[in-house]
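Report on the structure given below.
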Amino acid sequence: MNIEFTGILLRAANNTRTVTLEATTLAGALAELTTRFPALDRVLLDNTGNLRKAHRVFLNGELVPHPDRAMPLGTGDRIEFFTAVAGG
């Protein structure tokens with residue numbers, strides 16, 4: 001599976017736009033990502049280890065409204081994380 005980053009998450013992933021993982025669940029993917037890129041931990045996850053509400057998860061181009069850590073992932077899947085931006 002491929003994970004794609006943009007914005008602040010891209011910077012936290014050492015400017016690595018695409019990462020290939022072999023996780024079978026979202027929880028496994030998050031664990032592998034935060035091990036590989038420790039800076040992602042504080043940017044991507046909250047204090048309880050769940051995704052921060054500011055991030056949107058897309059699975060194969062489709063928004064996942066309420067991503068569950070147990071969400072199954074397959075070899076050919078593509079996950080994209082987008083961060084909501086506010087400002088004036």
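Name the shape class, rounded, prolate or oblate, that the alpha-carbon gyration tensor gives for the chain, where a ≥ b ≥ c are the square roots of its eigenvalues, rounded holds for a/c under 1.5, and otherwise prolate holds if a/b is larger than b/c and oblate otherwise. Kindly include the intermediate steps, with their values, before the conclusion.
Numbers: a/c = 1.35, a/b = 1.23, b/c = 1.09.
Taking the square roots of the gyration eigenvalues as a ≥ b ≥ c, the chain is rounded.
So how much accessible area does D41 have, in Å² to the nearest 10, using a 1.4 Å probe?
About 80 Å², ignoring ligands and nucleic acids.
Just to confirm a number: summing +1 for Lys and Arg and -1 for Asp and Glu over residues other than A84 whose beta-carbon lies under 10 angstrom from that of A84, what do you get? Don't skip to the end; give the middle numbers.
Working: positive: R52, K53, R56; negative: none.
Charge balance in the 10 Å sphere: +3.
Where the accessible area of the chain is counted over protein heavy atoms with a 1.4 Å probe, how much of it, in %, is carbon and sulfur?
Details: 2710 of 5280 Å².
The C+S portion of the solvent-accessible surface of the chain is 51 percent.
Taking the Cβ of E4 as the centre, find all other residues whose Cβ is under 10 Å away and add up their charges (Lys, Arg: +1; Asp, Glu: -1). If you can, show how the numbers build up before the last one.
Values: positive: R17, R78; negative: E80.
Local net charge: +1.
Leaving out ligands and nucleic acids, note down the accessible area per residue over the chain with a 1.4 angstrom probe, in whole Å².
On the way: 5280 Å² over 88 residues.
Roughly 60 Å² per residue, with all protein chains present.
Calculate the spin-label point distance for A54 paired with A27, positioning each point 7 Å from the Cα along the beta-carbon direction, and give it in nanometres.
2.6
Quick check on the chain: helices-only [θ] at 222 nm, where DSSP H runs of length 4 and up contribute -39,500 (n - 2.57) each and the sum goes over total residues. Nearest 500, please.
Values: 3 runs with 23 residues, N = 88.
Mean residue ellipticity, 222 nm, calculated: -7000 deg cm²/dmol.
What is the spin-label model distance, in nm, from T20 to N2 if the labels are put 7 Å beyond Cα along the C-beta direction?
1.0
Explain nothing, just the number: dipole magnitude of the chain about its Cα centre with +1 on each Lys and Arg Cβ and -1 on each Asp and Glu Cβ, in debye rounded to the nearest 20. Could the numbers behind the result be given before it?
Values: 9 positive and 9 negative charges, 61 e Å.
The calculation lands at about 300 debye.
The values are calculated or read from the model by the stated rules, or taken from the named source; none is laboratory data. Keep in mind the model is a prediction, meaning the values are calculated, not measured. Cβ atoms come from the backbone with ideal geometry, glycine included; neighbour counts cover every protein chain shown. Please note that ligands, DNA and RNA were not included when accessible areas were found on the heavy atoms of the full protein model with its side chains. Shrake-Rupley method; radii C 1.70, N 1.55, O 1.52, S 1.80 Å.
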